[in-house]
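As structure tokens, the structure follows; a few thoughts come after it.
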Amino acid sequence: MASVTQIIKQIKQPRGGYVPPSTFEEIQLNDNNELKEENIHSSLVGLVVDYLTRFMMNKDLENSFRISIMGSMLANDKEYAVNLLKSIKGIDDKSIESACKLVGYDVFVRAGGIGYKDVKTINPDRDTIENIRVMIKRSLLFYEEYGPIIKNGFTFEGGYTSKIDSGDGDFLTEDTLWDFKVSKNKPKSSHTLQLLIYYIMGIHSIHNEFSSIKKIGIYNPRLNTIYLIQIENIDKNIIDEVSNKIIGYNDKLGKNELNEKVKLNINELPMTEIMKELNCTRYMVMKYYSEKGLPLYKKTNKYYINRKDLYEWIEERRKEQQIIMIITFIFVAVFLLVAFSILFKLI
């Protein structure tokens, strides 16, 4: 068995590719920034842009760099990696420099350590740091315009086969499956085929979100360009061939049949998906339901929630937390002011 990327390397695509890159709509974004030469490998730059962008959006540092930390454990160097992680605060120079070193551990997870370079020797220069910062800002603007993201760093549980047993995608928005590429070149047929495979495997997986996907696309912050295609514009026979011969499914899933594959209400989330969205146990979900007004409803003795209602509830909780933080800050500030005033009088 193999991963998605490994299986793509093993097959010979027809002339132009199964999904020719030329069939993708090309959307050029502009910000008047020109990138300069970099002094570290482009693969490291790509990882840093990807991980720091995720961190800037979700504020979850450990999850954003989880592969790097896993790699550091395989390299028996976790302590140094954790110190690097703690020094990452945003996209300031120090944070970017630390991220460049930290992603050097990824090779242990992705390639078994082959080609590993001592991370302490990875020292991005000023131009490289500035390039990374520009690309992260571009990515954040892209997500703001084409988002929101409903799923990122996803895998395909329920969709793997005897031919493909691993692979993970970048992110989903409401109707598009996106891949994130930080390359100096335009997409290749291997990249577009990878996207199609992800889409088909997603439809077969346990994840309901894929049933609403209508487009597949690539965003490249280095080129600041979007490449996009409607799935309905991909030949049905190509979809069937990729599904059967490359992935290993026995059913036929053409562009018209794909939506029939998953007869689910995409806006209705079962308990397992609610737990994933809230990153908590069933017990905590029910506690939120009974104490915090989480709008669950019961159907055939099982609990569900409308996706929109869940996101609105999460946003309300976030606003509540912000208000609590502001009140706490004001309280602490007043307390300190009074305490210093009393202390000043005593002196």
**OP:** List every residue pair whose Cβ atoms sit under 8 Å apart, with the two residues 6 or more apart in sequence or on different chains, where the first one lies in region 10-26 and is aromatic (Phe, Trp, Tyr) and the second, anywhere, is surrounded by 15 or more Cβ atoms within 10 Å (Cβ to Cβ) and part of a strand (DSSP E or B).
**Re:** Phe24/Gly217; Phe24/Ile218; Phe24/Tyr227; Phe24/Leu228; Phe24/Ile229
Original post:
Among the listed residues Lys245, Lys252, which satisfies the condition of being at pLDDT below 60 and over 25 Å from the mean Cα position of the chain (by Cα)?
Top reply: Lys252
Original post:
Of the numbered conditions (1) surrounded by fewer than 21 Cβ atoms within 10 Å (Cβ to Cβ); (2) under 22 Å from the mean Cα position of the chain (by Cα); (3) over 19 Å from Gly46 (Cβ atoms), Arg110 satisfies every one except a single condition; which is it?
Top reply: (3)
Original post:
Restricting region 185-215 to residues that are assigned to a loop (DSSP other than H, G, I, E, B) and touching a Phe, Trp or Tyr at 6+ places or on another chain (Cβ under 6 Å), which is nearest to Gly169 (Cα to Cα)?
Top reply: Ser205
**OP:** Would you mention how many residues in region 216-245 are touching a residue at least 24 places away in the same chain (Cβ under 8 Å), buried (at least 17 other Cβ atoms within 10 Å of the Cβ) and outside any strand (DSSP E or B)?
**Re:** 10
Original post:
So, of the residues in region 288-347 that are in contact with a Pro (Cβ under 9 Å, 6 or more places away or on another chain) and of a type in the set (A, V, I, L, M, F, W, C), which turns out to be surrounded by the most Cβ atoms within 10 Å (Cβ to Cβ)?
Top reply: Ile305
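Okay, residues lined up against (1) within 19 Å of Ser42 (Cβ to Cβ); (2) over 24 Å from the mean Cα position of the chain (by Cα); (3) crowded, with 19+ Cβ neighbours inside 10 Å; (4) modelled with pLDDT under 90:
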{"residue": "Thr121", "(1), (2), (3), (4)": "yes, yes, no, no"}
{"residue": "Ser139", "(1), (2), (3), (4)": "yes, no, yes, no"}
{"residue": "Phe142", "(1), (2), (3), (4)": "no, no, yes, no"}
{"residue": "Phe156", "(1), (2), (3), (4)": "no, no, yes, yes"}
{"residue": "Tyr160", "(1), (2), (3), (4)": "no, no, yes, yes"}
Original post:
Conditions: (1) under 18 Å from the mean Cα position of the chain (by Cα); (2) surrounded by fewer than 20 Cβ atoms within 10 Å (Cβ to Cβ); (3) charged (D, E, K, R). Asp125 meets all but one. Number of the miss?
Top reply: (1)
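The values are calculated or read from the model by the stated rules, or taken from the named source; none is laboratory data. A quick note: this is a predicted structure, and the numbers were derived from the prediction, not measured. Don't worry about glycine lacking a Cβ; one is built from the backbone with ideal geometry, like all the others, and counts go over all protein chains shown.
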